[in-house]
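For reference, the structure is listed below as structure tokens.
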Amino acid sequence: MDAQTADSKTSASGEQRAHIESTGSIQEEKAGRTFPCEGCGADLVFNIGVQRLKCEHCGFTKTIELSPDAAVVEQDFEAVLARLRERRGRESQQDPERSVGKQLHCRDCGAVVRFEGTVTATECAYCGAPAQLEDIQSSDDQEPVDGVLAFRVERTTAQEHLVNWVRSRWFAPGEFTKRGVQGRFNGVYLPYWTFDSLTATYYTGRRGEHYFVTVGSGKNRRTVMRTRWYPASGAFQRLFDDLLVVASTGIPTKRVEALEPWPVHQCTPFSPALLAGFLARTYDVQPDAGFAQARQRMADTLREDVRARIGGDVQQIDTMHVRYDAVTYKHLLLPVWMMAYRFGKKSYQVVVNACTGEVQGDRPWSWIKIAGFVLALSGAAAAIGLFAANQ
């Protein structure tokens, strides 16, 4: 966990003050956000079942109130690029030896909860109380969160999906499929960018159409395939809507991409109450780097579009020029259940889409089962060959 705790005898304060440690790093003390229960004073957390804040002690629930005019809207990409250039200009003038972190005092026990890196919501390691930065939505060096997709799959349901996932793993060790995964899920909001763009693609290439001819004579007589090539070119437009790019480097990109699709149309405007009781991170992949990834994914899709438009049996793309217009983006927080577990002497990680239940992750392999399968295939192939030779 990135949030570290240390004992403190001082009480929480709403004032912002900087404390320069002996390491030379700046730790900025911030106010924390909590949601006290109106019934007993304990902390409210977001309850997946009722989709409200709920007290786990007395059962009191509270509706999450949003501003009547709040909406999840697309943002101007050119505007964020201008802000990025301004920030990088300021950063180039700062002392590179100093790193900025944030810390706050736990409202329940008084311990200092320290936030490092991109962590913005966590829990106190001493008493387990939820801890969330007050300024998660309005940091000077971060783009605000535009929308949140609330948790829909409860922890127990995620565990059931994980059990089914384990049982369906081919070539897994018998002990793994029998015992299953031992560990505890953590609910985490991961940062994402979504990008929209109207693309215009111009291409040239060749369309190949197969035909067959008979060549040779006698025993050497045979039918061979040949290809006629024809020039092809064209232009077309395609609109990409809500193409997702994970904005955190803390988890393998391919793994979280495999959790798609996400019901992003169900996102609601940002509210800190949705994060109560869960871990959350802000982004460390900047918007321009995120769009570079999005462009690559768009280009891969457009390349398949070009092949379909060229047609024929085979295609050759000579040139493909793409223009990306009307680019907009959103900064979203999407929910996952994450678990790290050990099997044998190795560590593995699994993640579950907390809206759809899709499971992705690492798993152990049984090389004995794999070797046995390969030998069985080889034996079957040999038997078929022997049968054919005797016919």
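Assorted remarks:
- Residue within the stretch 176-193 that is in a helix (DSSP H, G or I) and in contact (Cβ under 8 Å) with a residue 60 or more places away in the chain present: yes
- Contacts under 7 angstrom Cβ, first residue in the stretch 308-336 being touching a residue at least 60 places away in the same chain (Cβ under 8 Å) and within 26 Å of residue 226 (Cβ to Cβ), partner surrounded by fewer than 20 Cβ atoms within 10 Å (Cβ to Cβ) and among the acidic types (Asp, Glu), 6 or more apart: 312/209; 313/209
- Inspection of the stretch 340-349 identifies at least one residue that is out of contact with any Leu (no Cβ under 9 Å at 6 or more places or on another chain), part of a loop (DSSP other than H, G, I, E, B) and either aliphatic (A, V, I, L, M) or loosely packed, with under 11 Cβ neighbours inside 10 Å (or both).
- Apart from one condition, residue 232 fits all of (1) under 26 Å from residue 78 (Cα atoms); (2) touching a helix residue (DSSP H, G or I) at 6+ places or on another chain (Cβ under 6 Å); (3) among the small types (Gly, Ala, Ser); the exception is (1).
- Filter result for residue 29 (loosely packed, with under 11 Cβ neighbours inside 10 Å and either farther than 20 Å from residue 354 by Cβ or at pLDDT below 90 (or both)): no
- A residue that is surrounded by 19 or more Cβ atoms within 10 Å (Cβ to Cβ), at pLDDT 90 or above and not in a loop (DSSP other than H, G, I, E, B) occurs somewhere in the stretch 55-70.
- Complete set of residues in the stretch 144-172 that are under 19 Å from the mean Cα position of the chain (by Cα) and in a loop (DSSP other than H, G, I, E, B): 144, 145, 146, 149, 150, 151, 152, 153, 154
- Scanning the stretch 258-281 for residues that are under 12 Å from the mean Cα position of the chain (by Cα), in a loop (DSSP other than H, G, I, E, B) and not small (Gly, Ala, Ser) yields 259, 260, 261, 262.
- Any hit, the stretch 122-141, residues being of a type outside the set (Ser, Thr, Tyr), at pLDDT 70 or above and either part of a helix (DSSP H, G or I) or surrounded by 13 or more Cβ atoms within 10 Å (Cβ to Cβ) (or both): no
- Output for the stretch 212-221, where each listed residue is loosely packed, with under 10 Cβ neighbours inside 10 Å and either touching a Ser or Thr at 6+ places or on another chain (Cβ under 9 Å) or closer than 23 Å to residue 312 by Cβ (or both): 212, 213, 214, 221
The values are calculated or read from the model by the stated rules, or taken from the named source; none is laboratory data. Only a predicted model underlies this, so the values are computations on that prediction, with no experimental measurement involved. With ideal geometry, Cβ positions are generated from the backbone for all residues, glycine too; neighbour counts draw on all protein chains shown.
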